[in-house]
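Here the structure comes first, spelled out in structure tokens, and everything after it is commentary.
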Amino acid sequence: MQATEEPSTHVVERAVRPRPVPLDVEVDHPALYFNRELSWLDFNWRVLYQATDASVPLLERARFLAIAQSNLDEFFQKRVGGLKRQLLAHVTQLTPDGRTPKQQLALIRDAVVAMRERMCRLWLEVLQPALQEEEVVVAGYEDLTEEERARLHRWFMDQVYPVLTPLAVDPGHPFPFISNLSLSLAITLRHPNLEELQFARVKVPLSLGRWVELDRPGRVLPLEELVARHADELFPGMTIEDVHAFRVTRNADLRRDEEEAEDLLQMISEELRERRFSPVVRLEVAREMPDATVDMLQRELNLHDDDIYRIDGPLDLIHLTELAKLERPELLFEPWTPVVPPRLQAGPEGERPDVFSILREGDLLVHHPWDSFAASVQAFLEQAASDPGVVGIKMALYRTSENSPIVYALIRAAEAGKQVAVLVEVTARFDEERNIEWARMLEQAGVHVTYGLVGLKTHAKVLLVVRSEGEGIRTYAHVGTGNYHVATARLYTDLGLLTADPQIGLDLVHLFHYLTGHAPEQDYHSLVVAPRDLRRAIEDRLEREIQHVREGGEGRVVFKMNALDDVEMIQCLYEASRAGVQVDLLIRGHCRLRPGLEGWSDNVRVRSILGRFLEHDRVYLFQNGGEHEVLMGSADLRRRNLVERVEVLVPVEDGELRARLRRTLDLALDDNQLSWSLGANGRYTRRNPPEDAERRNYHRDLMQISTDETRRIQDSSPAARPSPEVSMDGSAESP
């Protein structure tokens, strides 16, 4: 039975309805495209919906609210920052949907005002009271007893007061630098002998933690309230007139000329310093802040009226994630521990499997977080680092975790005398500083480190192991969709192919020669590599589906990705739809394509899945006249992936693994609890099953499949038990 699709009252319509499509237009007509920025805001509305959904555990709803806030902060740093940079440069070029930077900024402001209002009301009117009923209390200072206030005063004087640095603003004290996303207090003061009001800024020291614990775990006071209530301690002899919070967001969209750089690492380090002092693109202030104080901040920060957002509630909701770490399992999702893939499970005596011999028997597909990253990809690298037969390891590292076992395995391999080469992408947004630190640590251990290609980001997720065996040299490889990051492997849905296929190994040898040396003209027989081949590879396969339809057969594609904004690729999908190819697109984030347009995209369906885990895998399935072809890898169909990045897709040749991916995509398309459908009008509607229909939850279904498979293996071989799963803190857990 088909799921009904009722518009959700929690999702607002776009600020501007999409234009109607005139008759007989060309394929580049603006009415055929959604605006990328508004589409991204639609995505964040869907994230925010998770915080409104009563079926989601209460502390998880608070976590989703924090994620929506974090997403919005990054959106302002990158997307709004980029539009403001274009505006200052007097760029008037229209987007594919026919809008200038100025028009987009106006639409963004309208949408963000509504979104922030909804976020604050959700916290103040729904989540905070509901949490209080469960004895998770974010108290106000007025809620404290006199005894608590006295105790907190002593704690403030001992622990907080020494850290604070009040900064006055007057002719002798220039307006202070306000760091990006810091939480500050604007304090208006009066000297007993002066008429004129004085101003000072105090930065809230969030390094001490956002929440001050009160009489028990789960009952807390926001640190900014404690500082505000003790502002008089900072200004003896002055009268405090008012204290209000504010927060600034700075532009992170800085343009660099890599062609002119003599040292890429030095250039990125300089950019990080420059970003600290980049222009402010947003000022958030407490709603009740006096106009005179707002005007002063606006003037000193060189802002326009549209850059200022008055907030009815907390300015910073990100730290709600700390509350979600409370030991309250009844208010959280039921714990999920990734399972060890059956072929990688320990032997009867608990001995670790030999990954190399397993891969010689056939390819292995892992799907995180259902399959354990620690027992598969991490174990593969760690075994390679210690195996005496391994002579070389090559890897592209885009992001990784703190205390990364991946990096430490590479260091051990180099110290053991193996030749280790790692491309560390130092231009990975917001991870530049951490990646520079990792790169230097790897270099000190003797690893050959390169920092990326000039003009291109290396976004590919690839690992190559070269092993000397009796018959000669053999290669083993991992090609994935996600970063080598042990923490996100538990939170993001990602795929990885582990293989001993010699052609894939040779292709990766060629790829690393391209990445580390002056060798751009490489031959790839299995892998699809961007920017050289990816666009043509997808277009040729779409044309093949069109040809199947023209010859009287069927054509169908199913693409799963994070975002779709490349105009040329959208035009190819329109062409396929008009020819009769059935197109199913599973797109987590923004989408410029308009599905369901008569005569253009009648055969295109777009769905977005949001739930407990973040959809991150990329899969491209082509029906190919019944001989299904499946590619998976690091690339979305965005212009940046097709033109500006090194990406890798790998074909899944094993018939059983290909069938597994087809079943996984079918489960995603059948979901009627986590998925949203995009209409031609730009509205996303939540798919809701009828009362008598089966509830299909994509994430829950995959967890159940993984659990059932593990039980089946254990029941058939009682001596075989799963290997311990390594948790994020390095301890062992039973799956």
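Bear in mind that the values in this text are calculations on the coordinates, not laboratory data. This structure is a prediction, so every number in the text was calculated from the model and none was measured. Here Cβ is always computed from backbone atoms with ideal geometry, including for glycine, and neighbour counts include all displayed protein chains.
Annotations for the structure displayed:
- Candidates ALA68, VAL212, HIS244 compared by Cα position along the dipole of the stretch 33-328: farthest toward the positive end lies ALA68, with charges placed on Cβ.
- Acute angle (nearest 10 degrees) that the helix 58-75 long axis makes with the longest principal axis of the chain, alpha-carbon atoms: 90 degrees
- From helices alone, the chain scores -10000 deg cm²/dmol at 222 nm; the rule is -39500 (n - 2.57) for each run of n ≥ 4 DSSP H residues, then divide by the residue total.
- Among ILE504, ILE311, a tally of other beta-carbon atoms within 10 Å of each Cβ gives an order, fewest to most, of ILE311, ILE504.
- Among MET289, LEU332, THR664 the positive-end extreme of the charge dipole of the chain (Cβ point charges): THR664
- Under the Karplus curve 6.51 cos²θ - 1.76 cosθ + 1.60, θ = phi - 60°, whole-Hz ³J(HN,Hα) for the stretch 320-334, x wherever Gly or Pro sits: 5, 4, 5, 5, 5, 8, 4, 7, 10, x, 5, 9, 10, 4, 4
- Distant-in-sequence amide contacts of TYR309, defined by a placed amide H-H separation under 5 Å and a gap of 5 or more residues or a different chain, comprise LEU283, GLU284, VAL285.
- Arranged from fewest to most other beta-carbon atoms within 10 Å of their beta carbon, THR100, THR239 become THR239, THR100.
- GluC sites (Glu not before Pro) restricted to DSSP loop in the stretch 294-352 with at most 16 other C-beta within 10 Å: GLU327, GLU349, GLU351
- Cα gyration tensor, the stretch 33-328 - rounded (a/c under 1.5), prolate or oblate: oblate
- 3J(HN,Hα) along the stretch 520-527: x, 8, 10, 9, 10, 9, 10, 6 Hz, from the Karplus curve 6.51 cos²θ - 1.76 cosθ + 1.60 with θ = phi - 60°, whole Hz, x for Gly and Pro.
- Centre separation in Å (Cα based) which lies between the stretch 26-72 and the stretch 376-396: 39 Å
- Unit charges at the beta carbon, dipole of the chain: most positive-side option, LEU189, ILE587, SER404: ILE587
- Gyration tensor verdict on the stretch 534-688 (Cα atoms; rounded if a/c is under 1.5, prolate if a/b is larger than b/c, oblate otherwise): rounded
- Table column - 3J(HN,Hα) (Hz), the stretch 461-477, Karplus curve with 6.51, -1.76, 1.60, x for Gly and Pro: 10, 9, 9, 10, 10, 10, 10, 8, 10, x, 8, x, 8, 10, 10, 10, 8
- Compared with the dominant principal axis of the Cα atoms in the chain, helix 101-121 is inclined by about 70°.
- Dipole magnitude of the stretch 33-328 about its Cα centre (Cβ charges: Lys, Arg +1; Asp, Glu -1), debye to nearest 20: 620 debye
- Put in order of Cβ neighbour count within 10 Å, fewest first, the listed residues HIS448, HIS244, HIS525, HIS368 become HIS525, HIS448, HIS244, HIS368.
- Taking the longest Cα principal axis of the chain as reference, the axis of helix 291-301 is set at about 50 degrees.
- With the convex hull drawn around the C-alpha atoms of the chain, the volume per residue stands at 193 Å³.
- Nonlocal amide H pairs with ASP494, under 5 Å, H built at 1.01 Å: HIS368
- Relative contact order, whole percent, for the stretch 33-328 stands at 22, derived from Cα pairs under 8 Å and 6 or more residues apart.
- Lysine pairs meeting the criterion (Cα under 18 Å, 8 or more apart or interchain), as found in the chain: 7
- Summed over all non-identical Cα pairs, the Kirkwood treatment of the stretch 453-604 gives a radius of 18.0 Å.
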